[in-house]
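Asker: Structure in structure tokens, see below.
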Amino acid sequence: MCWSGTLSPRQHRSQDMSSHGRASATLIRPTPHCSLLPTRSTLTARPRTPHQPRSRWGGPAPGPMATRPAIGKELLPLSWRKTLPEEWVGRALFRRDPSSGKAVLTTPPRLWWYPPGARLLYTQPPATAHAFFQRPFFLWLPYRMWAYHLKCPADGGKLMGAGLYKTVRRVLDRSGWYYMATENLQCPSCGKKVAGWSQDILEQLDVAHREEFPAVLTYKLSCDRAVIAMLKERTLGNGVSRLRASLVEQHSRDWMQHSISYLSVLRKLRRPGAAQKDDVSLRTLLKVPGLTWIGRVYVLEAVTRLDETKARLTSIFGDILMSDSTKTLATSTGRCSCPSSPRPRGTD
Ligand SMILES: [Zn+2]
């Protein structure tokens, strides 16, 4: 990461991005003061087209921008380009600052970003199959979005925003994978850096905001909580094996559907008499993790809900104890209407 020296809040909202990653001559080169998170004073709202059609993801339908090659990738932070195959994220999340020429986050920030997807009608064969396999993107910026006063887990100092976290995570969902990114936070006192999705940060958020975070993180991969919720169904035979088989089937079906759409467009636009292309490249169908990993994620999710479970148990036992003590009191004073309860003397 590159840093801008003094850790004032405004400076940290305009912190830089990591410079790790492959770079070409035309890509953005981070400088010690490169700024992908703009200051609030310099942010301007993106104009919205009033009658813009929507795609199947709910985002704006792809226009000429969707077929423009590689522009989105140039806007992405360098460290994201290695692991994020979704070039549309660059166009959706970032824009070039006209004064500095640097890529900055568009405003307002929001959690979920949906891809434009494939066009409804093609008059030329698409250059790549990317548009047919795009997936949603999740952006988690608790400090920037909700202005929390987050504390350093080491010494309790106030954390400041320090740009975007350099790693993009891949999350297992029911019908495929999606990617998510977060911000980097730093303590001015001890210099400790914390990712916005770390457990230390999530535990400081209120319940409503914490519930917005969709995934359980493991060392490499992540799992959407909707997948884990499928394990909680109390139906006969429900278990890790059945869940994995179901995920494999849904992922394969989704991949097959997108592949058919892409190949169908190529077939329709093939010139009469032209030879069939042999080098059609489809996006690789990513493997669903094994049973051990899914079981471990289920346990991890249960551990994060331990306090909630304890509170619920205390509440239930409290109700039982309260009910029992009320009954004992009513019995001793003769107010209990239960026929088996003893009546006090002199009331017959
Ligand atoms: Zn600290």
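The values are calculated or read from the model by the stated rules, or taken from the named source; none is laboratory data. Note that the structure is predicted; figures quoted are calculated from it, not measured. Glycine also receives a Cβ, built like all others from the backbone with ideal geometry; neighbour counts cover every protein chain displayed.
Asker: Restricting to the range 98-119, what's the tally of residues that are in contact with a Pro (Cβ under 8 Å, 6 or more places away or on another chain) and in contact (Cβ under 8 Å) with a residue 60 or more places away in the chain?
Answerer: 8
Asker: Of (1) aliphatic (A, V, I, L, M); (2) away from the ligand (no atom under 16 Å from the Cβ); (3) buried (at least 19 other Cβ atoms within 10 Å of the Cβ); (4) closer than 25 Å to residue 193 by Cβ, residue 111 satisfies all except one. Which?
Answerer: (3)
Asker: Which of (1) over 30 Å from residue 118 (Cα atoms); (2) acidic (Asp, Glu); (3) surrounded by 14 or more Cβ atoms within 10 Å (Cβ to Cβ); (4) out of contact with any strand residue (DSSP E or B) (no Cβ under 8 Å at 6 or more places or on another chain) does residue 200 not meet, given it meets every other one?
Answerer: (4)
Asker: Filter the range 122-143 down to the residues that are assigned to a loop (DSSP other than H, G, I, E, B) and of a type in the set (A, V, I, L, M), then identify the one that is modelled with the highest pLDDT.
Answerer: It comes out as 141.
Asker: Being among the hydroxyl-bearing types (Ser, Thr, Tyr) and either under 14 Å from residue 296 (Cα atoms) or touching a Phe, Trp or Tyr at 6+ places or on another chain (Cβ under 7 Å) (or both) is the filter here; which residues of the range 207-251 pass it?
Answerer: Those that are among the hydroxyl-bearing types (Ser, Thr, Tyr) and either under 14 Å from residue 296 (Cα atoms) or touching a Phe, Trp or Tyr at 6+ places or on another chain (Cβ under 7 Å) (or both): 218, 219, 222, 241.
Asker: Given the conditions (1) over 31 Å from the mean Cα position of the chain (by Cα); (2) at pLDDT below 90, and given that residue 264 satisfies all but one, which numbered condition is not satisfied?
Answerer: Going through the list (1) over 31 Å from the mean Cα position of the chain (by Cα); (2) at pLDDT below 90, residue 264 breaks only (2).
Asker: Just give me the residues in the range 226-238 being outside any helix (DSSP H, G or I) and at negative phi, in sequence order.
Answerer: Listed by number, the residues that qualify are 232, 233, 234, 235, 236, 238.
Asker: Kindly list the number of the only condition in (1) at pLDDT below 90; (2) under 17 Å from residue 182 (Cα atoms); (3) not in a loop (DSSP other than H, G, I, E, B) that fails for residue 86.
Answerer: Here residue 86 clears every test but (3).
Asker: Sticking with this one: How many residues does the range 164-203 hold that are within 16 Å of the ligand (Cβ to nearest atom), among the hydrophobic types (A, V, I, L, M, F, W, C) and in a helix (DSSP H, G or I)?
Answerer: So the answer is 1.
Asker: Name the one entry in 91, 95 that is outside any strand (DSSP E or B) and among the basic types (Lys, Arg).
Answerer: None of the others qualify; the one that does is 91.
Asker: Does the range 144-163 contain at least one residue that is among the hydrophobic types (A, V, I, L, M, F, W, C), within 13 Å of the chain's Cα centre (by Cα) and in a loop (DSSP other than H, G, I, E, B)?
Answerer: No, because not a single residue in the range 144-163 is among the hydrophobic types (A, V, I, L, M, F, W, C), within 13 Å of the chain's Cα centre (by Cα) and in a loop (DSSP other than H, G, I, E, B).
Asker: Considering only residues that are surrounded by 12 or more Cβ atoms within 10 Å (Cβ to Cβ) and out of contact with any strand residue (DSSP E or B) (no Cβ under 9 Å at 6 or more places or on another chain), which ones fall in the range 213-225?
Answerer: If the condition is that a residue be surrounded by 12 or more Cβ atoms within 10 Å (Cβ to Cβ) and out of contact with any strand residue (DSSP E or B) (no Cβ under 9 Å at 6 or more places or on another chain), then 218 is the only one that fits.
Asker: With respect to residue 119, is the statement that it is over 19 Å from the mean Cα position of the chain (by Cα), more than 16 Å from the ligand (Cβ to nearest atom), basic (Lys, Arg) and part of a loop (DSSP other than H, G, I, E, B) true?
Answerer: Answer is yes for this residue.
Asker: Mind listing whichever residues of the range 226-262 are more than 19 Å from residue 289 (Cα to Cα) and either surrounded by 15 or more Cβ atoms within 10 Å (Cβ to Cβ) or basic (Lys, Arg) (or both)?
Answerer: 234, 258, 259, 261, 262
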